[in-house]
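Pasting a structure below so you can have a look.
Taken together, the values in this text are just the output of simple stated rules run on the coordinates, not laboratory data. Just so it is clear, the model here is predicted, and its values are computed rather than measured. Here Cβ is always computed from backbone atoms with ideal geometry, including for glycine, and neighbour counts include all displayed protein chains.
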């Protein structure tokens, strides 16, 4: 019933030792902090502060919009200097609206923020709402608003809360260090979340390449009713579907959410953020970022205020020792290329990597020899080479029928391909095309209906006008006839 | 030698005859092709294909007088659907993939003459006499009729600017 | 604006040329042994195959406007030529090599679309065409004992290779094991009598003292090469196992039923190109299915067909025909044998969701 290992997957060199040896350091405040209004999945937050307004640390500066959204809080006290567009941490380099904050260095906390001494006495819904108003989103990288997930899980009823301590991406070690240094806070956060969704049990999965983290978490979890389990260190062990199957034996059905199968999963850093929000009363205003890659002089983990420009952070960490071949936000497998270093740190920035050409180890794409290494590597059981061949031929529908929408984009297939084919790129391109076509088809349906209605209206109006004219003419003719009759009656001849 | 030629020739003739009979007896009656093609088109009668209406264009396409990629507002999706319906192969190179466009009114130049909204086939322009007109983006099909009739050239078809929400990955070059 | 680079931003070191080099490395022991067994003409043939294959590949790449240097460097033409050389008669004339590589590289590989696009295994398809077109030259085998008795010198080796057939071959030629068994069982002689007359010991086929095509004599060196490839994860084990089982099981079964008409499983496994086929031919990724079970089925089919052709067909050796036949069924195998997608049933529908809050 419980599969002992990961289906498929690859084993890239971890490179964790570059950054996981030293403790987390506090990054100082940059001169300007750029708070993106879109740091989460869902609708962007709307700013509630004006330019020139003074804000305190932890103060609400942008409120959530709609059902799936999250608020934003000031990472430090200071003055709002601008509300303008700034380069988004997105491969396109397109702009995003940010609140520019100039720190005043006083770090004055918002006095309305109050810690709680006994949050487990609160009703579960209250906990969920507090998590939401603290602006907490999934810190593993997905940035889905945590409160939405908690509330829907509470309503559906979940059996198991799983904390993801996998961190299967190479280079990243922020979760590892957090588990070593603050295991009690993570456990407290887990218990809070368990209460918030009324789960029966809590399991924390940690990859076996983190022995110190496993030991620390096991010590902290003693007597708390939290189960710590070691999982094989293989990529993508930390992927939700794969971790759920390994820890509980449940295979999440396609196109369903984990809550539908009675499972809720959150990252360990999210649990720690929940602890800080509820027990300490502090909203989400900073996160731990791994700086790594051979092109950096100094690798390590930093607790960074949100909105810190990447350039400032890297400069503070002693900059580059050679020109990086590529800058990445996240891990090398699923991370995105950064357009430049002006981008700010957002809630989903788990790491900033400066890689050299040797580390990237890429090559020009060659012909596919159907070696099926990708089929063996795919954790979802897809056939990447078949989907890729169909996409190259333009047959997106065939690719979809082969399971394109089940692809989680982990990149194991592209990693292992001996011909260096850009498989995941092809899949994301095809997904974008299919979504585009769906949008266009829906719009065309709508406009067709509009056009039809307009035609009907125009013909109806023309007809009505005709009838009106005919009626008037008929009335005029009758009138004329009556007058003639009357005239004829008056003068008989 | 005749012994080998005659039976084979006779067999070929007989089988050919049977095939001919089958093609008539087992013929599949196709429903009105033109109507099916018309159902795939946007239906705004914009005239960009050179035909007076979508129905006329559908008839021409069914008769084989138009290539499958004849509908510019329909884009690639319509071209592929028409090609699939007609059983033709689509020459994607001939399809100029244009960036999507929307009508936009320059409010400084609009005089409120109402000519544009009277010709819009999807009622995408709202306005009244001497009032500022405005275009509803999700109803506009960029057919271009409003641009033709506007006396002050204040309504133009402009390329939609890309945002983070609309951006998508390009096709990888291989 | 420049299009951004899509991840992953890390790649394994697996490269096509590296895989091809491993295959060539695995073939080397058996090839060197066969040079020792058959002398200089064998070396000439092997070298000629390689050179003419690379030339044909370069010519046709240029004809199709593909980058010649990049594609030649991946080593796929060299591997095809090497395997083809191992399947030819040991003292085959030069034109057999040239025509054979032309068929394999130009026709079966490049015209079908180049690397990764061919339907049939180039080496096997080429061998089949040569066998049917030039039956005499393709079945002139050399007896290793005769070579050992008087090995040809370099000069006479060159004339053997380049002058085609001549009386030089007299005194060297001899039938293979499969040939003898096939011809004599057809005449009604019992298998045990044939084998004892030939003084057959299984160890001969293992070490490689019996004749055959250039590379098929030594089962043990081929097996070792194959195990090396398995260890280095260049090939997977499903297809080789399928082939060996597919040949061994019917052979053993019929040998039990009628031992005098059908040689046993060990005889079949060790003779002919079965070891070569198991590890180097059915493992060709381009022409084999992409799933594990698919590859096993493919290998099994090849094995059964090989045994059938050897036992009941007109030809003493059936590997090439069997592989070509199974190549044509690969799209069918791939269509029906697919992995099950996570979260879906085998048919492709989503799995049913568990009950709310169900505990496991």
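So what does log10 I(q)/I(0) come out to for segment A:131-173 at q = 0.25 Å⁻¹, using the Debye formula with one equal point on every Cα and no solvent?
-0.97
Of all beta bridges DSSP finds with both residues in the protein assembly as shown, what is the antiparallel percent, to the nearest 5?
65 percent
Now a separate question. Between the helical axis of B:2-25 and the dominant principal axis of chain B, each derived from Cα atoms, what acute angle in degrees is found, rounded to the nearest 10?
40 degrees
On average, how many beta carbons from a partner chain sit within 10 Å of the beta carbon of a residue in A:389-396?
Shielding by partners across A:389-396 averages 2.
Where does segment A:365-477 land on Rg(C-alpha)/(2.2 N^0.38 Å)?
Normalised Rg, Cα atoms only: 2.04.
Further, regarding this structure: Can you give me the Cα centroid spacing of segment A:5-51 and segment A:65-142 in angstrom?
Here the two parts' Cα centres lie 14 Å apart.
Moving to a separate point now. Specify, per residue and in Å³, the volume enclosed by the convex hull of the alpha carbon atoms belonging to segment B:33-94.
Residue-normalised Cα hull volume stands at 69 Å³.
log10 I(q)/I(0), Debye, Cα-only segment A:1-82, no solvent, q = 0.14, 0.18, 0.21, 0.24 Å⁻¹?
After summing over all Cα pairs, the log10 values are -0.72, -0.84, -0.96, -1.11.
When the Cα centres of segment A:366-385 and segment C:287-341 are compared, how far apart do they sit, in Å?
21 Å
Let me ask something else. Based on alpha-carbon atoms only, what is the radius of gyration of segment C:290-360 relative to the globular estimate 2.2 N^0.38 Å? Let's see the in-between values first.
Details: Rg = 19.5 Å, N = 71, 2.2 N^0.38 = 11.1 Å.
Here the Cα radius of gyration is 1.76 times the empirical estimate.
Another one. If I take every Cα pair under 8 Å that is 6 or more residues apart in segment A:131-264, average their sequence separation and divide by the length, what percent do I get for the relative contact order? Working shown, then result.
Numbers: 203 pairs, mean separation 38.7, N = 134.
RCO, segment A:131-264: 29 percent.
Additional query: Ranking C:267, A:144, C:162 by Cβ neighbours within 10 Å, fewest first, what do you get?
Taking fewest neighbouring Cβ atoms as first place, the list is C:162, A:144, C:267.
Kindly work out what percent of the DSSP beta bridges joining two residues of chain A are antiparallel, to the nearest 5. Could the numbers behind the result be given before it?
On the way: 35 of 58 bridges.
Approximately 60 percent, going by the DSSP bridge assignments.
Let me ask another. If neighbour count is taken as other Cβ atoms inside 10 Å, put B:147, B:29, A:53 in order from fewest to most. All intermediate terms of the calculation are to be shown ahead of the outcome.
On the way: B:147 15, B:29 4, A:53 11.
Fewest-to-most Cβ neighbours within 10 Å comes out as B:29, A:53, B:147.
Something else about it: What's the center-to-center distance, using Cα atoms, between segment B:69-91 and segment A:409-488 in Å?
Using only Cα atoms to place each centre, the spacing works out to 20 Å.
Bins of 5 Å, beginning at zero and ending with the bin holding the largest distance: percent of Cα pairs per bin for segment C:56-176, please.
Per 5 Å bin, starting at 0, the Cα pair percentages come out as 2, 11, 20, 19, 16, 12, 9, 7, 4, 1, 0.
So what is the calculated 222 nm ellipticity per residue for the protein assembly as shown, using -39500 (n - 2.57) for each DSSP H run with n of 4 or more, over all residues, to the nearest 500 deg cm²/dmol?
Result for the protein assembly as shown: -13500 deg cm²/dmol, rounded to the nearest 500.
Related question: Helix A:183-197 versus the longest principal axis of chain A: what angle, 0 to 90°, nearest 10, using Cα atoms?
Here the helix axis deviates by roughly 30 degrees.
At each listed q (0.08, 0.09, 0.13 Å⁻¹), what is the log10 of I(q)/I(0) that the Debye formula gives for chain C modelled as equal alpha-carbon point scatterers?
Values returned for q = 0.08, 0.09, 0.13 Å⁻¹ are -0.43, -0.53, -1.03.
Additional query: Dividing the alpha-carbon Rg of chain A by 2.2 N^0.38 Å yields what?
Cα-based Rg divided by the globular estimate yields 1.29.
Work out the P(r) tail for segment A:150-294: percent of alpha carbon pairs separated by more than 27 Å, whole number.
Summing the P(r) tail past 27 Å for segment A:150-294 gives 17 percent.
Ok, one more. By counting other Cβ atoms within 10 Å of each Cβ, how are C:86, A:6, A:97, B:157 ranked from fewest to most?
B:157, A:97, A:6, C:86
Okay, moving on. Got the relative contact order for chain A handy, in percent, Cα pairs under 8 Å and 6 or more residues apart?
17 percent
Further question: Compare the peptides A:297-304, C:127-134 by average per-residue count of other Cβ atoms within 10 angstrom and give them in order, highest first.
Listed from highest to lowest mean packing, they are A:297-304, C:127-134.
Further question on the same structure: Once you have a ≥ b ≥ c as the square roots of the Cα gyration tensor eigenvalues for segment B:11-134, tell me rounded if a/c is under 1.5, and otherwise prolate or oblate according to whether a/b is larger than b/c. Don't skip to the end; give the middle numbers.
Values: a/c = 5.03, a/b = 2.94, b/c = 1.71.
Judged from the Cα gyration tensor, segment B:11-134 comes out prolate (a/c at least 1.5, a/b above b/c).
Highest mean first, what order results for A:444-457, A:241-254, A:183-196 on Cβ atoms within 10 Å?
A:183-196, A:241-254, A:444-457
Would you mind giving the mean number of other chain beta-carbons within 10 Å of the Cβ of each residue in A:6-12, as a whole number?
2
Another question about this same structure. In percent, how large is the relative contact order of segment A:365-477, given Cα pairs closer than 8 Å and 6 or more residues apart?
24 percent
A further question follows. Quick one: compute a quarter of the convex hull surface over the Cα atoms of segment B:101-159 and quote it in nm². Can you show the working numbers first?
Numbers: hull surface 13.1 nm².
Mean projected area for segment B:101-159: 3.3 nm², to one decimal.
What ranking do B:20-27, B:133-140, C:293-300 get when scored by the average of other Cβ atoms within 10 Å per residue, highest first?
So the order, starting with the most tightly packed, is C:293-300, B:133-140, B:20-27.
Another one. Expressed in nm to one decimal, what extension gain is obtained for the pair residue A:51 and residue A:318 from 0.36 nm per residue of sequence separation less their Cα-Cα distance?
Extra length from residue A:51 to residue A:318 when fully extended: 92.8 nm.
Mind checking A:49-55 for the average number of partner chain beta-carbons within 10 Å of each residue's beta-carbon?
0
For the Cα atoms of chain C, what angle does the longest principal axis make with the long axis of helix C:16-38, in degrees from 0 to 90, nearest 10?
Its long axis makes an angle of about 10 degrees.
Among rounded, prolate and oblate, which fits the protein assembly as shown when a ≥ b ≥ c are the square roots of the eigenvalues of its C-alpha gyration tensor, a/c under 1.5 means rounded, and a/b larger than b/c means prolate?
Values: a/c = 2.46, a/b = 1.39, b/c = 1.77.
Judged from the Cα gyration tensor, the protein assembly as shown comes out oblate (a/c at least 1.5, b/c at or above a/b).
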